[in-house]
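Nothing in this text is a laboratory measurement; each read-out follows from the coordinates by a stated rule. Small disclaimer: the values here were computed from a predicted structure and weren't measured. Heads up, the Cβs are rebuilt from the backbone with ideal geometry, glycines too, and the neighbour counts pull from every protein chain shown.
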Amino acid sequence: MEVIFINESNLGYWQDQAEENVVALGFFDGVHKGHMKVIGTAREIAEEKGVSTNVMTFFPHPKEVLSDGRNKVDYLIPLEEKINAFEGLGVDTVYIIDFTRTFASMPPEEYVQEYLLKLGTLHAVAGYDFSYGFKGAGSIDTIFNDSGEEITATKVEKVEYQGEKISSTKIREAVAQGRMDELTEMLGREYRTRASIEDGYMDLEDYYMLPGDGVYEVSISLGDVEYDSQIYIDKGDQKLYFTHRCLMKKINHRSISIDWKDKVSSSTKYQLVAN
Ligand SMILES: Cc1cc2nc3c(=O)[nH]c(=O)nc-3n(C[C@H](O)[C@H](O)[C@H](O)COP(=O)(O)O)c2cc1C
Ligand SMILES: Nc1ncnc2c1ncn2[C@@H]1O[C@H](COP(=O)(O)OP(=O)(O)OP(=O)(O)O)[C@@H](O)[C@H]1O
């Protein structure tokens with residue numbers, strides 16, 4: 001899979017290199033079940049047409065850029081993990097657009113001409129609520145017209161969980177409230193974060209969310225080895241406790257992956273059993 005970072009200055013170069021493609025459009029934080037449907041649909045259509053499957057995403061998050069950094073987005077996963085997830089879904093090329101104020105103020109037609117048509121897009125796929133162009137004026141229904149009737153489009157209908165749209169926003173709420181069952185259902189997998197451990201303190205890597213206070217059943221991976229454990233989070237305290245003391249020695253000063261399985265207690269006064 002090829003990963004291409006696009007900004008105003010290199011756009012022309014990448015337009016010259018572009019090959020025919022079907023593109024999936026969106027920010028895709030967390031790569032949840034709704035996102036997988038969008039990318040899966042793009043892939044099916046690309047295979048039928050015998051062209052490549054592309055994803056076009058943006059960085060940083062539009063909300064962060066358009067508020068001049070005042071609205072901080074609690075990213076679920078960093079860009080590298082998003083890219084890994086795209087690769088797992090069989091994507092051939094990922095375009096990451098440098099989302100700036102100048103880019104945001106582009107008229108919808110110009111975006112479709114410069115960033116889709118001239119980058120080889122034959123067909124675009126996005127969800128029913130995707131928007132593009134200044135003030136988000138364009139939608140999946142306007143791509144055909146904005147492209148001078150060159151690019152056809154598929155609108156993916158709402159993927160729901162318990163009667164509501166699965167969204168990155170709802171998933172962030174579930175992480176904050178430690179609703180792990182719901183989180184796993186909406187993501188289509190357990191939520192995984194990376195962290196480094198220093199003498200009882202857990203330093204979550206950037207662009208991950210720490211679940212809300214409580215005690216969690218987790219699986220910790222260190223290289224290829226996995227350990228079941230529990231993590232106690234008290235944000236006030238910022239300290240990390242494991243049920244397995246021997247584990248603490250193994251992972252001290254190391255970078256680990258944590259799969260968040262279940263919340264076993266909300267109480268921060270929970271007594272952990274060390275063994
Ligand atoms: C060319 C372009 C211009 C945009 N301009 C704005 C804007 O003026 N205001 C805004 O809130 N979002 C703007 N956006 C962001 C989109 O509304 C949307 O958040 C983004 O395309 C990601 O789609 P998704 O949130 O459905 O994944 C723009 C997006 C594109 C591609
Ligand atoms: N539940 C869903 N069903 C169908 N399409 C979806 C769903 N969620 C997102 N999409 C589509 O996936 C792409 C990426 O969406 P986006 O990154 O805005 O996700 P989101 O979960 O809606 O995020 P947010 O909560 O920030 O709005 C867009 O094309 C969007 O329309």
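See the values below:
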quantity: Given (1) closer than 18 Å to Ser167 by Cα; (2) within 16 Å of ligand 1 (Cβ to nearest atom); (3) in contact (Cβ under 8 Å) with a residue 24 or more places away in the chain; (4) surrounded by fewer than 22 Cβ atoms within 10 Å (Cβ to Cβ), number of the condition Glu64 does not satisfy; calculated: (3)
quantity: Tally of residues being among the polar types (S, T, N, Q) and within 12 Å of ligand 1 (Cβ to nearest atom) across the range 27-61; calculated: 1
quantity: Selection count, the range 148-177, where residues are out of contact with any Lys or Arg (no Cβ under 7 Å at 6 or more places or on another chain), closer than 25 Å to Val65 by Cβ and in a loop (DSSP other than H, G, I, E, B); calculated: 1
quantity: All positions within the range 163-185 that are within 16 Å of ligand 1 (Cβ to nearest atom) and touching a residue at least 60 places away in the same chain (Cβ under 8 Å); calculated: Lys165, Ile166, Ser167, Ser168, Ile171, Arg172
quantity: Among (1) surrounded by 15 or more Cβ atoms within 10 Å (Cβ to Cβ); (2) part of a helix (DSSP H, G or I); (3) within 16 Å of ligand 2 (Cβ to nearest atom) - the single one Asp141 does not satisfy; calculated: (1)
quantity: The range 134-160 residues that are over 18 Å from Met56 (Cβ atoms) and touching a residue at least 60 places away in the same chain (Cβ under 8 Å), paired with ones that are in a loop (DSSP other than H, G, I, E, B) and of a type in the set (A, V, I, L, M, F, W, C) (beta carbon under 8 Å, 6 or more apart); calculated: Val159/Ile166
quantity: The range 86-113, residues that are out of contact with any Ser or Thr (no Cβ under 9 Å at 6 or more places or on another chain) and more than 9 Å from ligand 1 (Cβ to nearest atom); calculated: Glu87, Gly88, Asp98, Thr100, Thr102
